[in-house]
Amino acid sequence: MVSGAHTERRTQEPEGRTAVMADVAKLAEVSLQTVSRVLHDSPNVSDDTRKRVLKAIQQLNYRPNVAAQALVTGRSRTLGVVSFDTALYGPASTLLGIQEAAHDAGYAVSIASLRSMKRASLFEAVQRLRGQGVEGVVIIAPQKSAVEALRRLPPGVPMVAVEGGPDHSVPVVAVDQFGGAMAATRHLLELGHRAIWHIAGPADWLEAEQRADGWRSALKDAGIRPPTLLRGDWSARSGYELGRQLLQKPEVTAVFVANDQMALGLLRRLHEAGREAPRQLSIVGFDDIPEAAYFTPPLTTIRQDFAEVGRRCLHLLLGQLESPARPWEHVEVPAQFVLRESTAALRSR
């Protein structure tokens, strides 16, 4: 009984305090150096010893001191993300994709959320993250103002921009917005539509301009002069309000909308006017938000693979950490066309 009680005390967390590495070493009957080798996945440890150390870690509920490890290894295993402070689906989903990819690779994420992507605020955010010891920074830069600020950041910081514009001032990962918009517009053209209008996003957003360019290009390739686009603000309300203008143009038979939320507003306006999609107006959105499949009718749209964006960002950033001199890259993630029920062949009038 005495021996059993003694064993139980040894396999519990030390009374009144958090277990430290010395407790693990004592329970596993190894040196501190051996515990450190196991924690850092060193190959110079026998399988039997590794199992004893891992069992001791579990029994003691030992949690390594990340700050102390960083002092020893020079690696914090923490990445910084600078994000635009918004609940919009695209930027929010991009942030989630980066967090998930970092977690899968064993990295923590520290986030700096900004109300505006001006040069001074972006510089301060990067400096603040550097002060926290992050190994590299991902900047979600969907606006033109952010691209200009990126060019003026101090050198020497491993960095990747999401979106980030067409130049090569920083490594960039971006969804193929232009190609996605081309696919959406070509779909409408293949259904026989010729009067295809576009509700665009705000002019300062890179994605909005690239989607508008894709729409124009597809129409020009078909020998059609693009009409004047309508400019929304990404909200369902703006799609609803712009729908009033569209319904005053009887020649319009199809609309490519720059995001699903504005498409939702347009569908609402259409319903209130007693008109039906797709019988009287075909509509294609962009993003494939989770609710898009449950619109009335279910929305044909363009899907962005935010999980893949996160994985590509992490790959580029870790590549810089391993080889700082490697050339910068511009990586495009394909957009995916999703066919549902909001589009149909042009009906004769």
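Dividing the helix sum by the residues of the chain, where each DSSP H run of 4 or more adds -39500 (n - 2.57), gives a mean residue ellipticity at 222 nm of -14000 deg cm²/dmol. Does region 191-254 come out rounded, prolate or oblate, given a ≥ b ≥ c as the square roots of the eigenvalues of its C-alpha gyration tensor, rounded meaning a/c under 1.5 and, failing that, prolate meaning a/b above b/c? The shape class here is oblate. When only alpha carbons are used to place a centre, region 188-208 and region 270-293 end up 14 Å from one another. Per-residue surface analysis assigns ARG279 an accessible area of about 110 Å², computed on protein heavy atoms at 1.4 Å probe radius. Sorted from longest to shortest, the spans of the Cα atoms of region 118-207 along the three principal axes equal 57, 21, 20 Å. With both labels modelled 7 Å from their Cα along Cα-to-Cβ, the LYS220 to GLU190 distance reads 2.3 nm.
Using only the heavy atoms of the protein chains and a 1.4 Å probe, how would ASP221, ASP213 rank by accessible area, largest first?
ASP221, ASP213
For region 216-349, a/c is not less than 1.5, where a ≥ b ≥ c are the root eigenvalues of the C-alpha gyration tensor, and a/b tops b/c. That puts it in the prolate class. Charges on Cβ only, +1 for Lys and Arg, -1 for Asp and Glu, centred on the Cα centroid of the chain; of VAL82, SER31, LEU317, which one is farthest towards the dipole's positive end? So the residue furthest toward the plus end is VAL82. Here the simple spin-label model places points 7 Å from the Cα toward Cβ, and for THR296 and ARG119 these points are separated by 5.2 nm. Taking a straight line from the alpha carbon of LYS55, these lysines sit under 19 Å away, with near neighbours fewer than eight places off in the same chain left out: LYS26. Shown is the FRET efficiency for GLN58 and SER31, computed with R0 = 22 Å from the Cβ-Cβ distance and rounded to the nearest 0.05: 0.70.
Taken over the C-alpha atoms, the chain has Rg and Dmax values of 26.8, 95 angstrom.
Of all lysines in the structure, those lying under 25 Å Cα to Cα from LYS249, and not within fewer than 8 positions of it along the same chain, are LYS220. Magnitude of the charge dipole for region 208-349, about its Cα centre and with charges confined to Cβ atoms of Lys, Arg (+1) and Asp, Glu (-1), is about 660 debye. Only the Cβ atoms of Lys and Arg (+1) and of Asp and Glu (-1) were treated as charged; on that basis the dipole of region 141-273 about its Cα centre amounts to roughly 340 debye. In percent, rounded to a whole number, the relative contact order of the chain is 16, using alpha-carbon pairs under 8 Å and six or more apart. Residue ranking by accessible heavy-atom surface, 1.4 Å probe, largest first, among HIS330, HIS187 comes out as HIS330, HIS187. Each Lys and Arg adds +1 at its Cβ and each Asp and Glu adds -1 at its Cβ; summed about the Cα centre, the chain shows a dipole of about 400 debye.
Sorted by accessible area (1.4 Å probe), largest first, how do GLU190, GLU209 line up?
Greatest to least solvent exposure: GLU190, GLU209.
The values are calculated or read from the model by the stated rules, or taken from the named source; none is laboratory data. Please read these numbers as outputs of a predicted model, since none were measured by experiment. All Cβ positions, glycine included, derive from the backbone under ideal geometry; neighbour counts span all protein chains shown. Please note that ligands, DNA and RNA were not included when accessible areas were found on the heavy atoms of the full protein model with its side chains. Shrake-Rupley method; radii C 1.70, N 1.55, O 1.52, S 1.80 Å.
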